[in-house]
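A.B. asks: One structure, as structure tokens, below. Some questions next.
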Amino acid sequence: MKRFLFIRAIIVLVMVGATWGIIANTVYSASLPVENATLEEKYKGEKELDVEKNVGTESVAAEVIKRIKPGQQLPSMILKGLNGKSYEVGAPRNKAMIISFWASWCDPCRLEAPMLNELYSKYKHDVDVYGINVTRYDRLEDVQKFSRSLNLKFPILLDEQGAFFEQFGGVAFPTHVTIDHYGRVREIIIGMLSERELEGKIEALQKIK
């Protein structure tokens, strides 16, 4: 329960930051330096946050990087889709991939979903676009309503126990991960992206030979 409340608290903070320009997207990439700020520093004064599992002597960035680093091979994982099909995420493949971790109650995720829909329609032959619902923090009926209400075309996968999300730190929604066709993680981006930014990530993946 504490973990769930922590995730929701981070969503509120990300939304406020997006509105006032206080909190920028946190990007971990194979080429960019990692931000070294603990949650206590990043969200100083927010006494309601449950940070006991997330803050110690290490930074949030270090916690994410400790699990999966950009440049590392993403182990293959099979996730069930909302449509009942099984999908392989990770491992070398003939297409690059962008995945977005989300929850139905996440307002930034709702704003982003139509953009992902458009980009999926535009790039689906070159790049796989997956929305991964972290069902541990959600309800399946709400996930289904979310998908129907926005008429989502890209595959919705279910991370039922949150284990896959945890490999990327499990800090906040939305969290995006870009993966090249070799199965290597290129970037981990925490926070909402604009359509231009999302498209830029996809185009960058297309250029990798």
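The values are calculated or read from the model by the stated rules, or taken from the named source; none is laboratory data. Keep in mind the model is a prediction, meaning the values are calculated, not measured. Neighbour counts run over all protein chains shown; Cβ positions are idealised from the backbone, glycine included.
A.B. asks: Using the structure shown, decide if residue 206 is polar (S, T, N, Q) and in contact (Cβ under 8 Å) with a residue 60 or more places away in the chain. Give the steps one after another, and end with the answer.
C.D. replies: Working: polar (S, T, N, Q): yes; in contact (Cβ under 8 Å) with a residue 60 or more places away in the chain: yes.
Answer is yes for this residue.
A.B. asks: Still on this structure, please answer the following. Any idea which residue in region 82-114 is modelled with the lowest pLDDT, counting only those that are surrounded by 14 or more Cβ atoms within 10 Å (Cβ to Cβ) and in a loop (DSSP other than H, G, I, E, B)?
C.D. replies: Per the stated criteria, the residue is 90.
A.B. asks: So which residues in region 145-196 are more than 12 Å from the chain's Cα centre (by Cα) and farther than 19 Å from residue 81 by Cβ?
C.D. replies: 180, 181, 182, 183, 184, 185, 186, 194, 195, 196, listed by residue number.
A.B. asks: Looking at (1) more than 13 Å from residue 202 (Cβ to Cβ); (2) crowded, with 22+ Cβ neighbours inside 10 Å, which one does residue 178 not meet, given that it meets all the others?
C.D. replies: (1)
A.B. asks: Please count how many residues of region 180-209 are in contact with a helix residue (DSSP H, G or I) (Cβ under 9 Å, 6 or more places away or on another chain), among the small types (Gly, Ala, Ser) and part of a helix (DSSP H, G or I).
C.D. replies: Within region 180-209, residues that are in contact with a helix residue (DSSP H, G or I) (Cβ under 9 Å, 6 or more places away or on another chain), among the small types (Gly, Ala, Ser) and part of a helix (DSSP H, G or I) number 0.
A.B. asks: I've got another one for you. Here is a list of conditions, (1) assigned to a helix (DSSP H, G or I); (2) modelled with pLDDT under 95, and residue 145 meets all of them except one; can you say which number that is?
C.D. replies: Unmet condition: (2).
A.B. asks: Additional query: Enumerate the pairs (first residue in region 86-107 and more than 14 Å from residue 209 (Cα to Cα); second residue anywhere and in a loop (DSSP other than H, G, I, E, B) and of a type in the set (D, E, K, R)) with beta-carbon separation below 6 Å, excluding pairs fewer than 6 apart on the same chain, so at least 6 apart or on different chains.
C.D. replies: Matching pairs, first to second residue: 103/138; 104/138.
A.B. asks: Shifting gears a bit: Out of 182, 120, report the one residue that is of a type in the set (Phe, Trp, Tyr), over 18 Å from residue 75 (Cβ atoms) and out of contact with any Leu (no Cβ under 8 Å at 6 or more places or on another chain).
C.D. replies: Working: 182 fails: over 18 Å from residue 75 (Cβ atoms).
Result of the check over 182, 120: 120.
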